[in-house]
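Let me begin by presenting the structure, written as structure tokens, before commenting on it.
The values are calculated or read from the model by the stated rules, or taken from the named source; none is laboratory data. What you are looking at is a predicted structure, and each value in this text was computed from that prediction instead of being measured. Methodologically, a virtual Cβ is constructed for each residue, glycine included, from the backbone with ideal geometry; neighbour enumeration extends over all protein chains shown. These accessible areas exclude ligands, DNA and RNA; they are computed on the full protein's heavy atoms, side chains included. Shrake-Rupley method; radii C 1.70, N 1.55, O 1.52, S 1.80 Å.
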Number of protein chains: 2
Amino acid sequence: MNEIKLFCPATIANVSCGFDVLGLCLESTGDEMLIRKVSTPGVRITKIIGQQLPMETEKNVAGVAALAMLKDLDIDFGFEIEINKKIKPGSGIGSSAASAAGAVYGINQILGAPFNQTQLVEFAIQGEALASGTAHADNVAPALLGGFTLVKGYEPLEVLKLNTPSELYATVIHPQIEVKTADARSVLKQSIPLKKAIVQWGNLAGLVSALYSEDYDLLSRCLHDEIIEPMRSPLIPGFYKVKQAVKEAGALGSGISGSGPSIFALSKGKDIAQEVAKVMGNIYKDFGVDYDLHISSINTQGVKEL
Amino acid sequence: MNEIKLFCPATIANVSCGFDVLGLCLESTGDEMLIRKVSTPGVRITKIIGQQLPMETEKNVAGVAALAMLKDLDIDFGFEIEINKKIKPGSGIGSSAASAAGAVYGINQILGAPFNQTQLVEFAIQGEALASGTAHADNVAPALLGGFTLVKGYEPLEVLKLNTPSELYATVIHPQIEVKTADARSVLKQSIPLKKAIVQWGNLAGLVSALYSEDYDLLSRCLHDEIIEPMRSPLIPGFYKVKQAVKEAGALGSGISGSGPSIFALSKGKDIAQEVAKVMGNIYKDFGVDYDLHISSINTQGVKEL
């Protein structure tokens, strides 16, 4: 194989009670990437369409992730990467993770798959570190593994694929407000009350149980974030209005996607997910804020060949 | 039915990373309880053997739990309770929970089961509150539901039964050291670092996943307590020595049972659980500290009729 064309999915990190550990992968929103093996060693970003992003390999997340992967390999050829960037950077649905995941997945395929999924996540988070300042895996893991994923821990890095209930749909609204990941991080308190932590981990444990038992009602009761959402939601005008409206429209729950400003909702079935999209859109329409809407089933495969 | 004889199981609360939310139920250790319907209204504790405990209904956990249950019922008869107390109070394996759970389960059966499991847990934790000062459900829930249980939350109270891997065995050593629940609570810091909380909830989410996927290796990797164990372990001499030794003996992991002083270990298979018991015993033998040992499969039923 000398060339591979990929779909690099958008992802939702945190998923309410799973701050820094949970993520899920979207089916209908993502970038396209073309990776070509070439005789010249090294990695070059040869084309980016859709967004203004750095073409220099060392300043591009796909480039950095690819370089991390190739660092210890003794090969006399290289790779060219073309990106059709459909996920807006800064939207909170794993734009940089999609690029990082795509680059390492694609090159690994061309090389004959010498690396396992955990290693791919390790490489990809080095791209993530360039974009957000921290090497977090909660978008990269679902982008590579698909479905619901858990970053069980970092020392050592361990990522798990959880079960995904089959009728689950995600709706995501991206209001055109800028929330920088660094700002979203700076509002976080570094110390939290034990009592709130217990509520949070009770909800997270319940949510994992709900994924395995495919209990949508339980899932709904667990989609609460005691800790991060109250700190970050002031950065997103209209957040609680959306939360209230989507619940009334039948969503199981909602929260901040990653570090925002996108807001996600989960629903049982496509019809509700579409209704949820409508009410989300109406709120920002009333505010006079532009937005993008995504309605998607859960992509249980992750990055895939097109 | 006018009389019921029950096995009221010992339980392990917290289970390392699940402080205040996780619990599991033992098969081979527990009290026996006899509950008799009598014509005189009210609840009387008529006999306690095995331990010195209050006979006055309002000062006995079984009595308080029973009274909580009967409070709003319009009945013209009452109950007598006899307890053969085999679980030592203050051992950290749910002695008071066993009594509270037995009382409400048994009376509910005699009444024709008007209350559901969550209601029974609600009543039983009022007995627990008498014993420990807090109405916690992490022993009562596994005693009533059996298996691994999750206290998903208290507002409203929601208890879930998780899956239990079939080959799992628990070993518990109760060194004869006194650790009062109130003291074990007072060493807890009320504020914790967000970073440690994230590690903890990553492990807990992984543990729940391991229970459903019956992945013993993953279970082992998740049996860590970043937060509570470092605060409480100084109250239990020999704790880290036991932890090290049981790991070497093949245990999946170990931790403080409830608020101690008992130490539990989980193992795959009875043989390892027995070997673990041996190394646990040897350590306290060397210390010259008396101990009780329990080796048990997981009781997936909870309180049961004898």
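Residue-wise test of (1) open to solvent by less than 30 Å² (accessible area, probe 1.4 Å); (2) in contact (Cβ under 8 Å) with a residue 12 or more places away in the chain; (3) touching a Pro at 6+ places or on another chain (Cβ under 8 Å).
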site: B:A13; (1), (2), (3): yes, yes, yes
site: B:S16; (1), (2), (3): yes, yes, no
site: B:P54; (1), (2), (3): no, no, no
site: B:D72; (1), (2), (3): no, no, no
Looking at region B:118-130, can you tell me whether even one residue there is acidic (D, E) and surrounded by 24 or more Cβ atoms within 10 Å (Cβ to Cβ)? yes
(1) of a type outside the set (A, V, I, L, M, F, W, C); (2) over 28 Å from A:K195 (Cα atoms); (3) within 14 Å of another protein chain (Cβ to nearest Cβ): which one isn't true of A:D292, the others all being true? (3)
Residue count, region B:2-11 (criterion: part of a loop (DSSP other than H, G, I, E, B) and open to solvent by less than 10 Å² (accessible area, probe 1.4 Å)): 0
Quick check, is B:A210 among the small types (G, A, S) and more than 26 Å from B:S96 (Cα to Cα)? yes
For the subset of region B:135-168 comprising residues that are of a type in the set (S, T, N, Q) and within 14 Å of another protein chain (Cβ to nearest Cβ), which member is most open to solvent (accessible area, probe 1.4 Å)? B:N163
Output the residue which, of all residues in region B:241-260 that are farther than 23 Å from B:A197 by Cβ and open to solvent by 30 Å² or more (accessible area, probe 1.4 Å), is farthest from the other protein chains (Cβ to nearest Cβ). B:K241
Wholly within region A:169-227, which helices (runs of 4 or more DSSP H) include no fewer than the required count, namely at least 2 residues that are at pLDDT 95 or above, farther than 29 Å from A:A129 by Cβ and within 14 Å of chain B (Cβ to nearest Cβ)? A:194-213, A:216-222
I'd like to check which helices (runs of 4 or more DSSP H) are fully inside region B:87-162 and have at least 3 residues that are free of Cβ contacts under 8 Å to residues at least 24 places away in the same chain. none
Taking region B:261-306 and keeping residues part of a loop (DSSP other than H, G, I, E, B), buried (at least 22 other Cβ atoms within 10 Å of the Cβ) and in contact with a helix residue (DSSP H, G or I) (Cβ under 9 Å, 6 or more places away or on another chain) leaves B:P261, B:N299, B:G302, B:V303
Residues of region A:169-191 that turn out to be of a type in the set (A, V, I, L, M) and either outside the structural domain of A:S254 (by TED's automatic domain parsing) or crowded, with 22+ Cβ neighbours inside 10 Å (or both), as a count: 3
Residues satisfying the stated conditions in region B:192-220, i.e. open to solvent by 50 Å² or more (accessible area, probe 1.4 Å) and touching a strand residue (DSSP E or B) at 6+ places or on another chain (Cβ under 7 Å): B:P193, B:V199
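A quick yes/no check of all residues on (1) of a type in the set (S, T, Y); (2) over 21 Å from B:S262 (Cβ atoms); (3) at pLDDT below 95:
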{"residue": "B:L120", "(1), (2), (3)": "no, yes, no"}
{"residue": "B:N139", "(1), (2), (3)": "no, no, no"}
{"residue": "B:G146", "(1), (2), (3)": "no, no, no"}
{"residue": "B:P156", "(1), (2), (3)": "no, yes, yes"}
{"residue": "B:L160", "(1), (2), (3)": "no, yes, no"}
Check off (1) touching an Asp or Glu at 6+ places or on another chain (Cβ under 9 Å); (2) open to solvent by less than 10 Å² (accessible area, probe 1.4 Å); (3) part of a strand (DSSP E or B) for B:D31 and give me the number that stays unchecked. (1)
Are any residues in region B:142-167 under 16 Å from the mean Cα position of the chain (by Cα) and under 23 Å from B:L73 (Cβ atoms), and if so, which ones? B:A143, B:L144, B:L145, B:V159
